[in-house]
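Single-structure report; data block below.
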Amino acid sequence: MDMTEEKNAERVPVKLRDEIAIASADITIPWQSFIRQSQDPVLTEKGGGKGIGIYLDLLRDPHVQAVFRKRRAAVVAREWQVEPASDRPIDKQAADLFRHAISRIRFDHLCLGLNLSILTGYSVAEVLWEVSEWEGRRWIMPRAAKPKNTQRFVFDRDSNLRMLVPDNRSEGIALPDRKFIVQVHGSEDTEDPYGLGLGATIFWYAFFKKNGVRFWMKFADKFSLPTLVGKHHPGATPDDKSTLRDAIKALANDFGIIVPEGTTIETLETKMSGSASNGFLDLVSEMDGQISEAVLGERLTTNIGDTGSRSAGEVHNEVREELTDADCDLQSAVINSTLAKWLTEINLPGAQPPWFSRPKADNDDLKVKVEIDKTLHEMGYEPDEEYINETYGGNRRRVAAPSPKPAAPAEPAFADGDTPPRDGIDDLADQAELASSAFMDELLGEIEHILATSADFAEAQSRLTDLAETIPRDQARVLAEAMVTANLTGRDDLTEGRETP
């Protein structure tokens, strides 16, 4: 720090440097002794003695479990990568060490456990350290990283994690540093260490659905079968009435019955229509749809009953991908600020911690993209460095201008029956054929089957239209980009006064 910086630092009053609106002075936060309580309104109203256990109970609902499994698994489905903080040898060594360290533990299991915070607001995992040999040297590395039951942990006034134990169930015990990983979801607005999970959003939808199903079952029990009515003669004794009652119960269970003479049993048919039952079905379906929207940001990829165009389904899937991006960013920040940082500080004090991330997979066919860019360059268009780095990854910069392309020699004429010379279009066609050969064989088989089994032209046309909607986007893109490249090459040839063979 130079003299100017020191003088500027001295000009900032102490009272402006430190945080004043600290959590322990927040009158809106509920306190129990020095343990901080969650600000989640649903937990306050419905938690009772179970706390976030009421959110874990939501996973008993098959639909809730399905959509949460889909969202949690979307994170670990992406490949992870570790990059050094700089080109310094010690920083590269730190990246190699961290990459090795997380490869030797059940890392995806750890990430799935931490992602429970999406539902509960916060999650906790414990790191077990050991000394291990790697590349001829002894290192302190994690032997395991185990997700723990979040209900066992609380936070104090300073947002430090504490663990509840049998001898201290109210305040818990303090925990050592570099031992427990905490992931918090939804605390951006409140700075609540307990976070705010999606359980607070979907609790009432699941509650209404559960009670709707309960009423639905009662409705089905009452109105799906006729009600039995027993009639006894006026002078029936209590024993006769009891016998009749037992007979009705036995009949309801498909048992044979015997009743005194003069006693009758009739059925009372229900007058309810099917529309009443459909109301319960609509309620359950709508609650499932609301849960899907809350968890996945959409419902079209989960609720089969919801219909829409293929383009609408793709838009909904893109919304879900954006949530996955956010979940990956959140978890990567947690891993970088805990496990990556701790491992580096313990073993390589002079190094900068590496950078962990789960980037979105690029499904573009880079070979086809290279051909397009090459053709555009030959036509006089030059991509800038930003485009190159975004498209092909890395951090590249131009070091020298490319040498000019030599003029193409005159193409010799060839006689009938000779093989014409190959050019870039032929190579591009081979690449496109190789990339799509397996898929095209299957597609042609489907087309032949449709043509052979259709009753008339109209049916064949309809079935072929439906088949076109099922063509994967990546296969269609390979063929489309190949045709674009061929078109651009042809235009370039005409511009230079050459004919395309």
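The values are calculated or read from the model by the stated rules, or taken from the named source; none is laboratory data. The model shown is predicted, which means the values in this text are computed figures rather than measured ones. A quick note on method: Cβ atoms are made from the backbone with ideal geometry, for glycine too, and the neighbour counts reach across all protein chains shown. In case anyone asks, the SASA skips ligands and DNA or RNA and just uses the protein heavy atoms, side chains included. Shrake-Rupley method; radii C 1.70, N 1.55, O 1.52, S 1.80 Å.
Number of residues in region 157-174 that are touching a residue at least 60 places away in the same chain (Cβ under 8 Å), more than 15 Å from Ser123 (Cα to Cα) and in contact with a helix residue (DSSP H, G or I) (Cβ under 9 Å, 6 or more places away or on another chain) equals 3. If you take the residues of region 304-328 that are farther than 30 Å from Lys179 by Cβ and of a type in the set (S, T, N, Q), which of them is modelled with the highest pLDDT? Of everything passing the filter in region 304-328, Asn317 is modelled with the highest pLDDT. For Ile102, are the conditions met, namely being within 22 Å of Cys328 (Cβ to Cβ) and in contact with a His (Cβ under 6 Å, 6 or more places away or on another chain)? No, not satisfied. Look at region 339-355: where a residue is free of Cβ contacts under 8 Å to residues at least 40 places away in the same chain and more than 17 Å from Ser103 (Cβ to Cβ), no partner that is of a type in the set (Asp, Glu) and part of a helix (DSSP H, G or I) sits 6+ places away or on another chain with Cβ atoms under 9 Å. In the condition set (1) without any contact (Cβ under 8 Å) to a residue 40 or more places away in the chain; (2) open to solvent by 80 Å² or more (accessible area, probe 1.4 Å), Glu83 is compliant with all but (1).
With a requirement of 2 or more residues that are touching a Ser or Thr at 6+ places or on another chain (Cβ under 8 Å), within 25 Å of Ala77 (Cα to Cα) and open to solvent by less than 10 Å² (accessible area, probe 1.4 Å), the helices (runs of 4 or more DSSP H) lying completely within region 88-202 that satisfy it span 89-103, 117-120.
If you go through region 329-349 one residue at a time, do you hit one that is at pLDDT below 95, part of a helix (DSSP H, G or I) and among the β-branched types (Val, Ile, Thr)? Scanning region 329-349 turns up no residue that is at pLDDT below 95, part of a helix (DSSP H, G or I) and among the β-branched types (Val, Ile, Thr). Taken over region 36-85, the criterion of being outside any helix (DSSP H, G or I), farther than 19 Å from Gly186 by Cα and of a type outside the set (Lys, Arg) is satisfied by Gly48, Gly49, Asp61, Ala77, Glu79, Trp80, Gln81, Val82, Glu83, Pro84, Ala85. Within the bounds of region 283-303, is there any residue that is at pLDDT 85 or above, open to solvent by 40 Å² or more (accessible area, probe 1.4 Å) and under 22 Å from the mean Cα position of the chain (by Cα)? Scanning region 283-303, I find at least one residue that is at pLDDT 85 or above, open to solvent by 40 Å² or more (accessible area, probe 1.4 Å) and under 22 Å from the mean Cα position of the chain (by Cα), so the answer is yes.
Do any residues in region 127-140 that are more than 23 Å from Leu110 (Cα to Cα) have Cβ atoms under 6 Å from those of residues that are assigned to a strand (DSSP E or B), where the two are at least six apart or on different chains, and which pairs are they? Between residues of region 127-140 that are more than 23 Å from Leu110 (Cα to Cα) and residues that are assigned to a strand (DSSP E or B), the close pairs are Arg138/Val131.
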